[in-house]
2 protein chains.
Amino acid sequence: MAASVIGRRVEELTTPAFVVDYDKVETNCNMMLQTCTTMGVKLRAQTKTHKTIEGAELQTGGTKRGLVTSTLDESEFYADHGFDDILYGYPLIPFHMPRVTVLTKRLEKFHVMVDSRLAVQTLLETPPPSSKTWSVFLKVDCGNGRAGVWWEDEEDIDLALSLCSDPTRITFQGVYVHCGNTYHADDPKDVDALRDENIERLLKFVEKAKKRGVICPTVGIGSTPSCRRPADTMKKLNELHPGNYAFLDVQQSTLGSCSLEDIACCVATRIIGHYPRRNQMLIDCGFTGLTKQGEGKMPSGYCVIRDHPNLKLCSMTQEIGFVETVEGKLDYAKYPVGSLLFLLPWHSCATAAMYPVYNIIQNDRIIAVWKPTRGW
Amino acid sequence: MAASVIGRRVEELTTPAFVVDYDKVETNCNMMLQTCTTMGVKLRAQTKTHKTIEGAELQTGGTKRGLVTSTLDESEFYADHGFDDILYGYPLIPFHMPRVTVLTKRLEKFHVMVDSRLAVQTLLETPPPSSKTWSVFLKVDCGNGRAGVWWEDEEDIDLALSLCSDPTRITFQGVYVHCGNTYHADDPKDVDALRDENIERLLKFVEKAKKRGVICPTVGIGSTPSCRRPADTMKKLNELHPGNYAFLDVQQSTLGSCSLEDIACCVATRIIGHYPRRNQMLIDCGFTGLTKQGEGKMPSGYCVIRDHPNLKLCSMTQEIGFVETVEGKLDYAKYPVGSLLFLLPWHSCATAAMYPVYNIIQNDRIIAVWKPTRGW
């Protein structure tokens with residue numbers, strides 16, 4: 001099926017279909033590379049939003065070096081396709097060690113992330129592959145409240161010290177912070193404040209570690225809301241690791257990361273029926289084609305329907321979406337059965353995850369099909 | 001990867017993993033076949049919940065005959081694997097015709113479903129494959145409020161008459177009702193009332209059609225809440241078409257379809273970290289492993305954590321779940337990092353859709369791996 005769509009128009013796609021505007025994703029990726037150059041920091045691109053080879057090539061500017069992944073499956077997928085300098089950006093537990101060992105052996109630079117005594121002990125007690133060390137980042141929580149050692153806790157420096165205790169086993173790479181709390185900001189100003197708070201706390205942690213003899217070679221932070229709103233405070237770091245910026249989404253637009261026009265992906269869906277008795281029409285995109293993550297977030301329902309500000313996706317079942325007007329009667333003549341609508345997702349990471357293939361378009365023609373990796 | 005898990009214990013699985021208890025799914029499928037025998041009706045099993053060959057074999061009692069699918073992809077998948085008598089249970093639009101034509105040609109019995117003048121016109125104007133007719137069900141809306149002609153509208157009988165107007169083109173199979181409004185019931189009694197209301201309305205429609213000369217050979221209804229609570233009113237029908245019953249889920253338990261013990265599927269997830277500062281632990285199941293569909297539905301958060309009524313999945317990001325207690329301090333000694341928890345999903349159709357493979361277990365050992373079809 002997949003190869004046969006190349007050269008076709010979007011109108012010919014089986015729907016629902018995940019559609020990516022090549023020029024926009026390229027622009028988004030180049031802008032982030034430029035931001036990092038301007039800030040004098042390295043970009044370690046998070047791949048979880050798209051999970052494709054082609055997307056990661058754009059994110060790395062063709063170098064195929066410098067990624068952070070959200071699963072071991074992703075790490076292996078990129079290793080299989082010639083990528084290197086990959087950080088498995090997930091709290092390490094002993095169960096991961098067999099696959100981590102293989103990746104450490106295969107790649108020039110494969111890194112893991114720890115936030116617990118158990119993980120550090122496991123690494124210290126497990127011999128790394130011959131002529132290698134375990135390459136390790138310490139995850140620090142500077143306010144996000146998910147994984148990571150809490151930046152204020154003094155015992156965390158003990159953990160960092162342990163990571164430096166046996167250089168034949170562990171190479172300590174530095175600290176990694178996800179400032180994901182920027183997603184809970186009330187407005188763009190609040191994003192900026194949270195970004196700066198995270199950076200300030202991280203730098204305090206690094207300073208405190210230094211006083212106890214721990215040098216952090218890499219000091220990195222990331223999240224698309226913060227990195228799409230770069231500030232001079234970032235120049236004090238040396239690594240950024242956002243991910244969603246490749247595609248962006250409606251959520252990002254509400255956080256001041258982008259405009260709706262910058263969003264590189266959408267779901268193409270067909271109108272499958274008119275139901276004037278209830279002033280609705282149905283489309284062939286249900287929750288398996290979009291997810292329900294936008295619930296209650298937008299006046300236009302579960303997504304923004306591109307170019308149709310008076311339409312609202314008010315409900316979804318597995319394979320069907322219910323569209324009505326925000327206000328007034330639906331003018332069915334404008335929406336023939338079989339015609340397409342384009343849905344801008346609230347959360348592109350979630351929506352992309354529903355698709356086995358992405359249709360890449362340029363000038364309304366499909367120029368490529370990208371196949372994401374799936375599973376764990 | 002997949003084959004290698006056969007014979008392994010659940011504790012050895014890469015997590016998150018979708019786990020199906022073979023005995024439970026077999027029991028659920030046999031019970032529904034028994035219900036249909038008792039009611040004297042045919043079971044046309046909806047496949048959308050699992051989308052696997054093995055699941056559909058259990059649903060059809062090994063006959064591989066009598067399915068309803070939610071996508072053309074599913075229809076083709078089952079046709080490829082020796083199934084027949086398949087209804088593509090989705091509002092037909094002209095765009096579907098090329099694939100519908102191939103399926104009509106390939107199968108002994110391939111049926112489509114219509115609810116519009118446009119669809120009927122399209123079928124009447126398109127010559128079916130040689131020696132075949134288009135085999136068509138009319139979808140009737142008896143209160144669900146999604147697809148279907150409204151049961152009270154007199155023009156709908158005109159549509160049914162059109163379906164009978166050219167027997168060289170169209171074989172009219174009868175009427176199909178999805179009583180999905182049973183999912184919005186307040187309690188099991190309300191499920192029963194909605195079930196009976198749908199049946200009553202459907203029978204009135206059939207009667208009205210008969211008066212105008214339209215005979216409906218098949219009169220069918222379906223939804224798991226109604227079919228898991230069968231009633232004598234169903235004996236007046238001749239087809240039932242539930243789907244979720246193969247797996248069931250927490251939502252079904254709240255509707256009186258089952259107990260939590262009947263749920264045949266769950267997500268196996270590992271504890272990846274302890275965060276006593278905030279009385280939480282993290283697990284390796286985020287929204288890509290469960291979906292957020294349970295949001296706000298249960299005191300235990302996004303799912304029910306099997307055997308741990310005091311645990312609550314309070315939040316999720318892409319690959320991480322946040323678990324806390326419903327009440328009191330978390331006793332971390334009971335939940336070592338690396339140990340498993342089993343999540344009963346709110347909506348198994350949605351959760352199953354997140355997985356490229358299902359691990360089938362019997363006595364805590366993996367006996368098979370089922371691969372669902374994906375896409376549209």
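Residues in the stretch A:172-188: is at least one crowded, with 23+ Cβ neighbours inside 10 Å, among the aromatic types (Phe, Trp, Tyr) and touching a Ser or Thr at 6+ places or on another chain (Cβ under 9 Å)?
Yes, there is a match, as at least one residue in the stretch A:172-188 is crowded, with 23+ Cβ neighbours inside 10 Å, among the aromatic types (Phe, Trp, Tyr) and touching a Ser or Thr at 6+ places or on another chain (Cβ under 9 Å).
Looking at B:328, B:338 in this structure, which one is surrounded by fewer than 22 Cβ atoms within 10 Å (Cβ to Cβ), at the interface with another protein chain (Cβ under 10 Å from one of its Cβ atoms) and over 25 Å from the mean Cα position of the chain (by Cα)? Working first, answer last.
On the way: B:328 fails: at the interface with another protein chain (Cβ under 10 Å from one of its Cβ atoms).
After ruling out the rest, the residue left standing is B:338.
Every residue in the stretch B:195-209 that is farther than 30 Å from residue B:124 by Cα and buried (at least 24 other Cβ atoms within 10 Å of the Cβ), please.
B:195
It is to be established whether one or more residues within the stretch A:94-102 are without any contact (Cβ under 8 Å) to a residue 40 or more places away in the chain and either in a strand (DSSP E or B) or not assigned by TED's automatic domain parsing to the domain that holds residue A:226 (or both).
no
Scan the stretch B:142-171 for residues that are part of a helix (DSSP H, G or I) and either within 14 Å of another protein chain (Cβ to nearest Cβ) or basic (Lys, Arg) (or both) and jot them down.
B:155, B:156, B:159
Say whether the condition of being more than 14 Å from chain B (Cβ to nearest Cβ), more than 25 Å from the chain's Cα centre (by Cα) and in contact (Cβ under 8 Å) with a residue 40 or more places away in the chain is met by at least one residue in the stretch A:127-141.
yes
Quickly run through the stretch B:341-365 and pick out the residues that are within 10 Å of chain A (Cβ to nearest Cβ) and of a type in the set (Val, Ile, Thr).
B:357
Taking helices (runs of 4 or more DSSP H) that fall entirely within the stretch A:210-320, which contain at least 3 residues that are within 11 Å of chain B (Cβ to nearest Cβ) and within 30 Å of residue A:196 (Cα to Cα)?
Numbers: elements: A:224-227, A:250-254, A:287-290.
Per the criteria, no element qualifies.
Kindly provide the set of residues from the stretch A:276-310 that are surrounded by fewer than 22 Cβ atoms within 10 Å (Cβ to Cβ) and of a type in the set (A, V, I, L, M), ordered by number.
Within the stretch A:276-310, A:298 is the sole residue that qualifies.
Determine if the stretch B:60-68 includes at least one residue that is buried (at least 18 other Cβ atoms within 10 Å of the Cβ), within 14 Å of chain A (Cβ to nearest Cβ) and within 30 Å of residue A:335 (Cα to Cα).
yes
Please go through the stretch A:259-275 and give me each residue that is in contact with a helix residue (DSSP H, G or I) (Cβ under 8 Å, 6 or more places away or on another chain) and crowded, with 22+ Cβ neighbours inside 10 Å, ordered by number.
A:263, A:264, A:265, A:267, A:268, A:269, A:270
Every residue in the stretch A:203-245 that is among the aromatic types (Phe, Trp, Tyr) and more than 27 Å from residue A:22 (Cβ to Cβ), please.
Selection gives A:205 alone.
Can you go through B:79, B:56 and tell me which one is surrounded by fewer than 19 Cβ atoms within 10 Å (Cβ to Cβ), away from every other protein chain (no Cβ under 14 Å) and either touching a helix residue (DSSP H, G or I) at 6+ places or on another chain (Cβ under 9 Å) or at pLDDT below 95 (or both)?
After ruling out the rest, the residue left standing is B:79.
For a quick check of your reading of the model, give me the residue pairs whose first member lies in the stretch A:324-339 and is more than 21 Å from residue B:96 (Cα to Cα) and free of Cβ contacts under 8 Å to residues at least 60 places away in the same chain, whose second is of a type in the set (S, T, N, Q) and outside any loop (DSSP other than H, G, I, E, B), with beta-carbon atoms closer than 8 Å and at least 6 apart or on different chains.
That search, which allows pairs on different chains as well, returns A:324/A:280; A:330/A:280.
Would it be correct to say that residue A:183 is in a strand (DSSP E or B) and of a type in the set (Phe, Trp, Tyr)?
Spelling it out, it is not the case that residue A:183 is in a strand (DSSP E or B) and of a type in the set (Phe, Trp, Tyr).
Can you tell me which residues in the stretch A:210-222 are under 29 Å from the mean Cα position of the chain (by Cα), of a type outside the set (Ser, Thr, Tyr) and crowded, with 16+ Cβ neighbours inside 10 Å?
Correct list: A:216, A:219, A:220, A:221, A:222.
Counting just the residues of the stretch A:366-376 that are under 20 Å from residue A:246 (Cβ atoms) and assigned to a loop (DSSP other than H, G, I, E, B), which one comes out nearest to the other protein chains (Cβ to nearest Cβ)?
A:374
Out of the residues in the stretch A:259-282 that are touching a Phe, Trp or Tyr at 6+ places or on another chain (Cβ under 8 Å) and without any contact (Cβ under 8 Å) to a residue 60 or more places away in the chain, state the one that is farthest from residue A:323 (Cα to Cα).
Result: A:277.
Of the residues that sit in the stretch A:87-125 and are aromatic (Phe, Trp, Tyr) and more than 10 Å from every other protein chain (Cβ to nearest Cβ), which one is nearest to residue A:65 (Cα to Cα)?
A:110
Of everything in the stretch A:235-253, what is more than 21 Å from residue A:48 (Cα to Cα), surrounded by fewer than 22 Cβ atoms within 10 Å (Cβ to Cβ) and either aromatic (Phe, Trp, Tyr) or touching a strand residue (DSSP E or B) at 6+ places or on another chain (Cβ under 9 Å) (or both)? Give them in sequence order.
A:236, A:238 - these are the residues of the stretch A:235-253 that are more than 21 Å from residue A:48 (Cα to Cα), surrounded by fewer than 22 Cβ atoms within 10 Å (Cβ to Cβ) and either aromatic (Phe, Trp, Tyr) or touching a strand residue (DSSP E or B) at 6+ places or on another chain (Cβ under 9 Å) (or both).
The values are calculated or read from the model by the stated rules, or taken from the named source; none is laboratory data. Predicted model, so just to flag it, every value in this text is computed and none were measured. Cβ: placed from backbone, ideal geometry, glycine included. Neighbour counts: every protein chain shown.
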